[in-house]
1. Among the residues of the range 99-125, what is the count of those that are more than 14 Å from Leu15 (Cβ to Cβ), buried (at least 18 other Cβ atoms within 10 Å of the Cβ) and either of a type in the set (S, T, N, Q) or out of contact with any strand residue (DSSP E or B) (no Cβ under 9 Å at 6 or more places or on another chain) (or both)?
2. Take the conditions closer than 24 Å to Glu163 by Cα, under 30 Å from the mean Cα position of the chain (by Cα) and either surrounded by 12 or more Cβ atoms within 10 Å (Cβ to Cβ) or not acidic (Asp, Glu) (or both) and apply them to Pro269. Does it pass?
3. Sort out which residues of the range 68-98 are open to solvent by less than 50 Å² (accessible area, probe 1.4 Å) and among the hydrophobic types (A, V, I, L, M, F, W, C), and write them in order of number.
4. Among (1) assigned to a strand (DSSP E or B); (2) farther than 30 Å from Asn292 by Cβ; (3) hydrophobic (A, V, I, L, M, F, W, C), there is one condition Leu234 misses while meeting the rest; what is its number?
5. Hey, among the residues in the range 138-170 that are touching a strand residue (DSSP E or B) at 6+ places or on another chain (Cβ under 6 Å) and among the β-branched types (Val, Ile, Thr), which one's modelled with the lowest pLDDT?
6. Would you check if Tyr263 is modelled with pLDDT of 85 or more, among the aromatic types (Phe, Trp, Tyr) and at positive phi?
7. For the subset of the range 5-18 comprising residues that are hydrophobic (A, V, I, L, M, F, W, C) and in a loop (DSSP other than H, G, I, E, B), which member is surrounded by the fewest Cβ atoms within 10 Å (Cβ to Cβ)?
8. Among the residues of the range 201-220, is any in contact (Cβ under 8 Å) with a residue 24 or more places away in the chain, surrounded by 14 or more Cβ atoms within 10 Å (Cβ to Cβ) and on the phi > 0 side of the Ramachandran plot?
Amino acid sequence: MQGVRLSTLIEKMDLKNMTESIDTHDIILTLSDINRPALQLIGYYEHFENRRVQVIGNVEQNYLHTKMTHEERVECYERLFSQKIPCLVLCRGYMPTKTMADIAVKYGVPLLVTHKATSEMSADIIRFLNYHLAPTISIHGVLVDVYGEGVLIKGESGIGKSEIALELIKRGHRLVSDDVVEIKKISDDELCGSAPEITRYFIELRGIGIVDAKMLYGVGSVKDTQTIDMEICLERWKPDTEFDRMGLKDDYDEILGAKIPRYRIPVSPGRNVATIIESASINHRQKMMGYNAAKTLYERVTARMQNGGNTEDII
């Protein structure tokens with residue numbers, strides 16, 4: 001099962017561990033949702049999801065210390081920590097009392113402190129865990145940022161994906177990953193790609209070997225992550241293969257259940273594929289903004305034909 005170590009969350013969220021005797025490295029988080037134990041403070045645990053990070057803030061702290069006696073608080077802590085929750089985060093700089101800390105250590109539940117507001121901390125934790133717990137797949141391809149559009153370039157081995165990526169870098173665009181792209185589904189319709197840590201910033205060029213794009217072209221030529229907005233599928237040119245010439249029909253590829261627009265580009269000697277990809281990226285952005293050049297041309301031709309005009313002068 002995919003998971004995130006609690007120690008990683010503590011480091012990234014800059015949380016202070018008030019129960020240092022508990023080893024947070026072996027505690028694995030498997031759910032991205034958090035829980036604010038409101039009903040649990042009064043003893044209601046039906047449908048309680050004990051795998052979630054528990055977060056309490058000003059409201060819960062005020063209730064614990066103004067509406068409960070010491071004995072009721074002890075009973076409340078016993079019930080909550082015995083549920084084997086992964087941790088309890090105290091927001092707004094609230095420090096755990098000795099009673100809370102002792103019971104937490106008894107059940108092996110880390111107590112973490114942050115000065116952030118409860119809503120802000122909750123959103124940060126959910127965002128972090130959503131990304132790291134998202135469904136992930138690795139595919140063969142190249143991912144580049146072209147004019148802000150995440151372009152996933154796919155094609156058979158040796159067709160020239162890496163060389164095209166290098167040409168795009170020289171034109172001022174940014175490399176995310178070469179050869180292997182790790183893709184995460186961070187929402188129902190959003191995919192995010194990155195490079196495996198071991199191959200990050202490296203490009204394999206046949207006949208030359210491995211080059212470091214970051215060292216050759218500077219930090220402005222690379223990027224760690226990028227949402228995937230479109231896919232370019234490179235195919236060797238064959239006279240008997242039909243390729244879309246108008247762009248009226250939408251084609252999609254499905255990755256992890258999310259659909260992304262796909263464009264099939266024929267590759268042949270002398271074709272400047274990097275320029276074509278740049279144009280495809282700008283054209284895709286125009287479509288997302290509501291303008292479709294192919295449909296505009298089609299409407300012009302249709303209107304001319306309906307008016308009895310000659311279409312030879314516009315085709």
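The values are calculated or read from the model by the stated rules, or taken from the named source; none is laboratory data. From a predicted model like this one, the values you see are computed outputs, not experimental measurements. Positions of Cβ are backbone-derived with ideal geometry, glycine not excepted, and every protein chain shown enters the neighbour counts. We work out accessible area using only protein heavy atoms, side chains counted, and drop any ligands, DNA or RNA first. Shrake-Rupley method; radii C 1.70, N 1.55, O 1.52, S 1.80 Å.
1. Residues flagged as more than 14 Å from Leu15 (Cβ to Cβ), buried (at least 18 other Cβ atoms within 10 Å of the Cβ) and either of a type in the set (S, T, N, Q) or out of contact with any strand residue (DSSP E or B) (no Cβ under 9 Å at 6 or more places or on another chain) (or both) within the range 99-125 amount to 1.
2. no
3. Met68, Val74, Cys76, Leu80, Phe81, Ile85, Cys87, Leu88, Val89, Leu90, Cys91
4. Failing condition for Leu234: (2).
5. Of everything passing the filter in the range 138-170, Ile159 is modelled with the lowest pLDDT.
6. no
7. Ranking the candidates gives Met13 first.
8. Within the range 201-220 (the criterion being in contact (Cβ under 8 Å) with a residue 24 or more places away in the chain, surrounded by 14 or more Cβ atoms within 10 Å (Cβ to Cβ) and on the phi > 0 side of the Ramachandran plot), the answer is yes, since at least one residue qualifies.
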